[in-house]
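One structure is given here, and the rest of the page talks about it.
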Amino acid sequence: MERCISFPRGTVPRAQTSAGPIEATAGRVVRLAGRCTGGYARAMSDAPLTTPKSSMLDGLARVLGIQDFLPGGPVLTPRQRVDAFGQERGAGVSYTGPAQGSEPVMPLQVFGVGYDIDLMMVSDHPDWNMHEYARVTTPDGPLWLAKDAREETLEQSIVAERDGLDDWLPEVTVRRKWSRVRVDDRSTDRQIDVAISYENLDGEETQVTWRSPHPSRLERLRNTSTMGHSRDAFLVALDLSHKAPAQHATITINGKRRRIQRLLGVAPLRFALIQTQAGVAVGSWEQRTTAAGIETVHNAKTHQAWSRREQGEQVWLEQYHPVRTLQYRFRRSGDSLELVHARVEQYARSVPVCDLHFSPALPDFRRPFSGRFSGRYVLDVNGQKSHATGVVEAQSGADGATLSLLPSAPRWTLDRPMQATIQCTGDGARVCLERLPTPDPA
């Protein structure tokens, strides 16, 4: 699909730098910092991030260069959440023309993936940074994903032994490769014990061995940094509910055993995690209304069929896959259908992995409107409220409309602003969603 035409860019927050190479090590880092600083940080490791002690801890983390290893909580207080999102409201824009097409337009694509277990390590390989081995429950049984991040860009790729991998969950916009992933799983109820082998994206044979306890302790602070991974592809937040350090982990790439990197030269970067990733993904797609119903075509090749249902003044567009269901809920306002909520539900999980709310509702992009729309979004991950928030801006013109997502919290989302260009085609729309450029940090 051709790239969408250019529109004026919105104001973009200054980028924030990532302080380290890996998410999800906050508790261990703080304890390590405590040992290195006479127990100062260790004494505060259980303090909420909103207390004076936690402010001191945050300052210590900046000095040590490990600030983004510290997890946080909700970015909105319950009162702020109620004030901003407690009551659904219409977009409040002045429409200047009729709707093109009968079905509401989906102006962005949400995603969400929860992992039963995610085995993470950072190696000294010159081309690769982090390696993750994540297991997802599917109706056909467990599916293992090998996720490797490039050293220079931190862009992730997926290797999996699944037919039709390129068409599997097209809203997760990362490079993919089919390869046989051999897993020898000797785990018990209390211990993870696996050996994994596969061919990575560069054609290198990779062997991994791993032993660790099953992560069992529920983390009190779960809103965790993405550590700069795939910033060009996702506006993403993480819910890291459990973690445990590995007792043993090795990785051999192309016949050479690689060294596991250590944080501050002491703590090995190897952890078993239980986490969920959710947010908005870049991409280009076309939405069409045909005699058979609604479909989207992603990257000019992957077709997805959608269903529509209504209840009162609410209209849902839904896309079912055996592993997940996407839902976009629109609010009827006169002759308009305005997006107020998008959700991702995952197979065998009791709570949605992603909930994205807008206040007020987004304009109906089938219709031209005057002026500039401004609102807010909030992202819930794995049932945890308010993991990320920011500003939404939209405007329309003769050639179509734009929708911008400008993050404001947490800090590790600030360098992931996005803008969609939307062009209605009569029977649907063409959408191109890209990350906006951000200024270099001061």
Study note, to complete from the structure: Under the Karplus relation with 6.51, -1.76 and 1.60 and θ = phi - 60°, whole-Hz ³J(HN,Hα) for the range 225-234, x at Gly and Pro, equal 5, 7, 6, x, 5, 6, 5, 7, 10, 9
Check your understanding: In which sequence would E219, E204 go, from the one with the fewest C-beta neighbours within 10 Å to the one with the most?
Key -> E204, E219
**Study point:** the range 157-188 versus the range 193-243: alpha-carbon centroid distance in Å
**Key:** 14
Exercise for review: Could you work out the local net charge near R211, counting Lys and Arg as +1, Asp and Glu as -1, over the other residues with Cβ closer than 14 Å to its Cβ?
Suggested key: 0
**Study point:** Extension gain from H303 to D116, taking 0.36 nm per residue of separation minus the Cα-Cα distance
**Key:** 64.5 nm
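At a 10 Å Cβ-Cβ cut-off, how would you order T96, T250, T224, fewest neighbours first?
Details: T96 11, T250 18, T224 29.
Sorted ascending by nearby Cβ count, the order is T96, T250, T224.
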Exercise for review: For the range 345-361, take each phi angle, set θ = phi - 60°, evaluate the Karplus expression 6.51 cos²θ - 1.76 cosθ + 1.60, and give the result in whole Hz per residue in order, putting x for glycine and proline.
Suggested key: 10, 10, 4, 6, 10, 7, 10, x, 7, 8, 9, 10, 10, 10, 9, x, 4
Review point. Listed highest first by mean packing, meaning other Cβ atoms within 10 Å per residue, what order do 289-296, 278-285, 314-321 come in?
Key: 278-285, 314-321, 289-296
Practice item. Compute the length gained on full extension between S370 and D202: take 0.36 nm times their separation in residues and subtract their Cα-Cα distance, giving the result in nm to one decimal. Key: 55.5 nm
Check your understanding: For the range 400-410, what does the Karplus curve 6.51 cos²θ - 1.76 cosθ + 1.60, with θ = phi - 60°, yield as ³J(HN,Hα) per residue in whole Hz, taken in order and with x for Gly and Pro?
Key -> x, 9, 10, 9, 10, 10, 10, x, 10, 6, x
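Fewest to most neighbouring Cβ within 10 Å: what's the order for I260, I274?
Numbers: I260 16, I274 22.
Fewest-to-most ranking of I260, I274: I260, I274.
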Check your understanding: So what does the Cα-only Debye profile of the range 241-312 read at q = 0.12, 0.17, 0.20, 0.26 Å⁻¹, as log10 I(q)/I(0), no solvent term?
Key -> -0.69, -0.82, -0.95, -1.18
Review point. Extension gain H248-R220, at 0.36 nm per residue separation less the Cα-Cα distance, in nm?
Key: 7.5 nm
**Study point:** Computed label-point distance, nm, for sites W168 and D127 using a 7 Å Cα→Cβ extension
**Key:** 2.3
Practice item. Output the peptides 100-106, 363-369 sorted from most to least packed, where packing is the average of other Cβ atoms within 10 Å over each peptide's residues. Key: 363-369, 100-106
**Study point:** Rh (Kirkwood; distinct C-alpha pairs) - the range 242-365, Å
**Key:** 18.5
Practice item. Along Cα→Cβ, 7 Å out, is where each label goes; now give me the distance between the ones at S94 and E393 in nm to one decimal. Key: 2.1
Review point. Out of the range 149-220, which trypsin sites (Lys or Arg not before Pro) are coil in DSSP terms and have no more than 10 other C-beta atoms within 10 Å?
Key: R180, R186, R190, R220
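Rule-based calculations on the coordinates, nothing more; no lab input. Everything numeric here is computed off the predicted structure, so don't read it as measured data. Backbone-built Cβ (ideal geometry, glycine too); neighbour counts: all protein chains shown.
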